[in-house]
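Below is one structure, written out as structure tokens, with a few remarks after it.
The values are calculated or read from the model by the stated rules, or taken from the named source; none is laboratory data. Not measured: the values here are computed from a predicted model. Don't worry about glycine lacking a Cβ; one is built from the backbone with ideal geometry, like all the others, and counts go over all protein chains shown. The area values use the complete protein model at the heavy-atom level, side chains included, leaving out ligands, DNA and RNA. Shrake-Rupley method; radii C 1.70, N 1.55, O 1.52, S 1.80 Å.
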Amino acid sequence: MFNNTYKNLMINGIHYSELGLRKVIREKLGDAKISDWERSLFQFIDIWLDESDIVEVKTSGSTGTPKVIQLQKEKMVLKIY
């Protein structure tokens, strides 16, 4: 299972716990006036918070047919020590 350490995020300078993020996601995705980029962002965060260790993304298709690939969430985290 993906490490819960990465389920706390800062958005626009505001720190959110997982519970706070879930509340914001419900509010934002329920808003019909939300911009496309914000909807995409909060849909991604919703996927990030799920129990899966992977995120499925579609390649650009710049060299052929776009493909769906699986990325490990752990590999998507920049670790700074």
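Just to be sure I understand the filter: pairs with C-beta atoms under 9 Å, separated by 6 or more residues or on different chains, first member in the stretch 57-75 and modelled with pLDDT under 90, second member of a type in the set (F, W, Y). Which pairs pass? As it stands, the answer is K73/F2; K73/Y6; K73/W48; E74/F2; E74/Y6, since those pairs meet every condition given. Residues in the stretch 36-54 that are within 18 Å of L21 (Cα to Cα) and not charged (D, E, K, R): W37, S40, L41, F42, Q43, F44, I45, I47, W48, L49, S52. Among the numbered criteria (1) assigned to a helix (DSSP H, G or I); (2) without any contact (Cβ under 8 Å) to a residue 24 or more places away in the chain; (3) of a type in the set (V, I, T), which one does I45 miss? Failed condition: (2).
Residues N12, N8: which one is polar (S, T, N, Q), touching a helix residue (DSSP H, G or I) at 6+ places or on another chain (Cβ under 9 Å) and open to solvent by 60 Å² or more (accessible area, probe 1.4 Å)?
N8
Filtering the stretch 34-50 to residues that are surrounded by fewer than 11 Cβ atoms within 10 Å (Cβ to Cβ) and not polar (S, T, N, Q) leaves D36, W37.
Among residues of the stretch 18-32 that are without any contact (Cβ under 8 Å) to a residue 60 or more places away in the chain, those with a Cβ under 9 angstrom from a residue that is assigned to a helix (DSSP H, G or I) and open to solvent by 70 Å² or more (accessible area, probe 1.4 Å), sequence gap 6+ or separate chain, pair up as E18/N4; I25/Q43; L29/Q43.
Please find, among D31, D53, the residue that is modelled with pLDDT of 95 or more and surrounded by 11 or more Cβ atoms within 10 Å (Cβ to Cβ).
That would be D31, the only listed residue that is modelled with pLDDT of 95 or more and surrounded by 11 or more Cβ atoms within 10 Å (Cβ to Cβ).
If you go through the stretch 56-70 one residue at a time, do you hit one that is within 18 Å of L9 (Cα to Cα) and open to solvent by less than 60 Å² (accessible area, probe 1.4 Å)? No, the stretch 56-70 has no match at all.
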